[in-house]
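**Q** One structure follows; several queries about it will come next.
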Amino acid sequence: MANIRSNMFDAKDSVIVIGVGRSGLATAEVLRSRGVSVVAFDDKPIEKLVKERAQLAKLGVPLLAVGEL
């Protein structure tokens, strides 16, 4: 497993989080708390991601799903 430094990402970075399951949502939350610009993507239809989109919107993270690209 990779050793990730706590200062690896900061406000000058942009990241795409692929997959918005539990770990994807947690990753987006941590990155946003560090000021990182985040966009999330998932391969499920957007109709099945209503809860996740709402959670990410609270963080200021847009969610793109299949058919929206």
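The values are calculated or read from the model by the stated rules, or taken from the named source; none is laboratory data. Nothing here was measured: the structure is a model prediction, and the numbers come from that model. The accessibility values were calculated without ligands, DNA or RNA, using every heavy atom of the protein model including side chains. Shrake-Rupley method; radii C 1.70, N 1.55, O 1.52, S 1.80 Å.
**Q** Which one of Ala40, Ala11, Ala28 has the biggest mean-square fluctuation once the chain is modelled by GNM with Cα springs under 10 Å?
**A** Greatest mean-square fluctuation among the candidates belongs to Ala11.
**Q** Could you tell me how many degrees, from 0 to 90 and to the nearest 10, lie between the Cα long axis of helix 50-59 and the main elongation axis, the longest principal axis, of the Cα atoms of the chain?
**A** Value to nearest ten degrees: 30.
**Q** Taking the 0 to 90 degree range and rounding to the nearest ten, how far is the long axis of helix 22-33 tilted relative to the main principal axis of the chain, both from C-alpha atoms?
**A** 50
**Q** Considering amide H positions built from the backbone, and no H for Pro or chain starts, which residues 5 or more places from Leu64, or on another chain, come under 5 Å of its amide H?
**A** Excluding prolines and chain starts, which carry no amide H, the hits are Ala40, Phe41, Asp42.
**Q** If I compute solvent accessible area with a 1.4 Å probe over the protein chains, what percent of it on the stretch 21-68 is carbon and sulfur?
**A** For the stretch 21-68, the apolar C and S fraction of the accessible surface comes to 55 percent.
**Q** Got the relative contact order for the stretch 14-69 handy, in percent, Cα pairs under 8 Å and 6 or more residues apart?
**A** Relative contact order of the stretch 14-69: 36 percent.
**Q** Sticking with this structure for a sec: Just to be sure I understand, if you calculate volume of the Cα convex hull per residue in Å³ for this structure, which of (i) 90; (ii) 75; (iii) 144 do you get?
**A** (i)
**Q** So, for the chain, what is the accessible surface per residue at a probe of 1.4 Å, expressed in square angstrom?
**A** With the other protein chains kept in place, the chain gives 71 Å² per residue.
**Q** Oh, and also: Which value in deg cm²/dmol, rounded to the nearest 500, describes the helix-derived mean residue ellipticity at 222 nm for the chain, given -39,500 (n - 2.57) per DSSP H run of n ≥ 4 and division by the residue count? Intermediate values should be presented prior to the final figure.
**A** Numbers: 2 runs with 22 residues, N = 69.
Value at 222 nm, helices only: -9500 deg cm²/dmol.
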